1. Select from the range B:356-384 the residues that are at pLDDT 90 or above and not in a strand (DSSP E or B) and write down the one among them that is nearest to residue B:306 (Cα to Cα).
2. Please enumerate the residues belonging to the range B:60-77 that are in a helix (DSSP H, G or I) and more than 7 Å from chain A (Cβ to nearest Cβ).
3. Report the residue count in the range B:366-375 for those that are crowded, with 17+ Cβ neighbours inside 10 Å and either without any contact (Cβ under 8 Å) to a residue 24 or more places away in the chain or within 13 Å of the chain's Cα centre (by Cα) (or both).
4. Select from the range B:457-484 the residues that are touching a strand residue (DSSP E or B) at 6+ places or on another chain (Cβ under 9 Å), under 16 Å from residue B:362 (Cβ atoms) and at pLDDT 85 or above and list them in ascending order.
5. Being in contact (Cβ under 8 Å) with a residue 24 or more places away in the chain and more than 17 Å from residue B:289 (Cα to Cα) is the filter here, so list the residues in the range B:180-198 that pass it.
6. Go through the range A:3-16 and report how many residues are touching a residue at least 60 places away in the same chain (Cβ under 8 Å), surrounded by fewer than 18 Cβ atoms within 10 Å (Cβ to Cβ) and facing another protein chain (nearest Cβ under 7 Å).
7. Given B:81, B:85, which one is surrounded by 10 or more Cβ atoms within 10 Å (Cβ to Cβ), modelled with pLDDT of 70 or more and under 30 Å from residue A:41 (Cβ atoms)?
8. Considering only the range B:127-149, state which residues are crowded, with 22+ Cβ neighbours inside 10 Å and outside any strand (DSSP E or B).
């Protein structure tokens, strides 16, 4: 448990990282470094997006699966590491 | 309900059909009983809809349970490893070398890139609860910055006056040198021709000298607390002159100006009372020497006026008064960017009246008044390299950069410090690419200024000549209108 905290702190201290959210398979945030309203917003929206992305990948090839999702926008980058039951979302501003 | 009865009579020949008599019958309408085809037990579809409307939350215990579970830990280990690798890669795949990207970002993003905080300096023991009173960059080592602080009311046993030398070059967050003294330090600076000395002017009127060669944190030399020296707070200290002939000039708020030799601080070499019209002593809050001038200087006072004065000669003392501000003058800066055209007659002053005014020593009325701030402006300084650029800071935590060649109505770049502490001092580094600001919470922040703002192009000087000519014209027109 302490290792989880330590790892989160290490990621948070990386250059440009704005926030980290861990969401479970139902879209409920488990752990977050952002404020409540942003967390809920990110959790809900990204959960839907990951579901869509995963189903897209599997529809094209049923034996394939989604391993990583990166959304690069003008202002920042959202990185999602999905799993069967959870996903880890990190928001980074790469120009920092 | 009406029941129509049509009698169809099968008769040969013409059939005559007619309406039969209506018989009213009172049957209650038949109820159509329908059974709902939906299931009564909740299914997947229904709960999904619910969740969209009201996101369920897990209790703290549930969250803790999840965090301890085996599958979460294995997911997290894998996920965090990948994410850390991705974060470490600094490649921006979308970078456009043609610069078309940057044109779009002229708005917000440009403003962000114009002034970025590079370092923030504070120390738990020495700067907490103290206010930054003065900042100065070292002329010999461009990475050194001295900041002076006043007293910490919460810690009466700690020394009242502190001056810390911060180093920009290394990543460590602790000061290079810690100096302190018994009275609050109101102004401080590196001695220009003595790289090891830091001069401080204090609230008690004493001028102190610290030396980084000695191991002491207390001053190595102090001026006497006597009527020959200063007895009022010293807000301005400055070393002027050349390598061989230099003096430390200090002015206190009772209008007394003393010049000292750094070798001997036991008595001033020269002293002068700055009085206006033989009677009114000038309460000096700020002082500035024009570039390469050791005799003439400008001072700003609490009564809102700026005065020019000279040190030597038959007319030593206050020469002229420049009236224009409606509140005490907080900062003065003389134009110092050397270039093809000489603008050393220009200076700017900041004041409690929310404005920064541009003056020329050739005229006692202000050339222009910059009125964009909405609060006391605490300090202003010309850029040492760009002829039309200056910075100012105010009470609401805003740092503004004005480029007069671009726009004289609004600042070219502006940044607000989060938490809105009052910014007390602003100092450009000697390279003109960095700005240091000190605030009321003891924090010193160093900002990197974007290249497109701080680096002057070759024609900046000629453009500034034109800008000045326009400003002068506008001022003359405004006066004619006012007088007419």
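1. By that ranking, first place goes to B:376.
2. Within the range B:60-77, B:60, B:61, B:62, B:64, B:65, B:70, B:73, B:74, B:77 qualify.
3. 1
4. B:468, B:471, B:472, B:475
5. B:180, B:181, B:184, B:185, B:186, B:194, B:195, B:197, B:198 - these are the residues of the range B:180-198 that are in contact (Cβ under 8 Å) with a residue 24 or more places away in the chain and more than 17 Å from residue B:289 (Cα to Cα).
6. Residues that pass the stated criteria total 1.
7. B:81
8. Going through the range B:127-149, the residues crowded, with 22+ Cβ neighbours inside 10 Å turn out to be B:127, B:130, B:132-137, B:145-149.
B:127, B:130, listed by residue number.
The values are calculated or read from the model by the stated rules, or taken from the named source; none is laboratory data. What you are looking at is a predicted structure, and each value in this text was computed from that prediction instead of being measured. Heads up, the Cβs are rebuilt from the backbone with ideal geometry, glycines too, and the neighbour counts pull from every protein chain shown.
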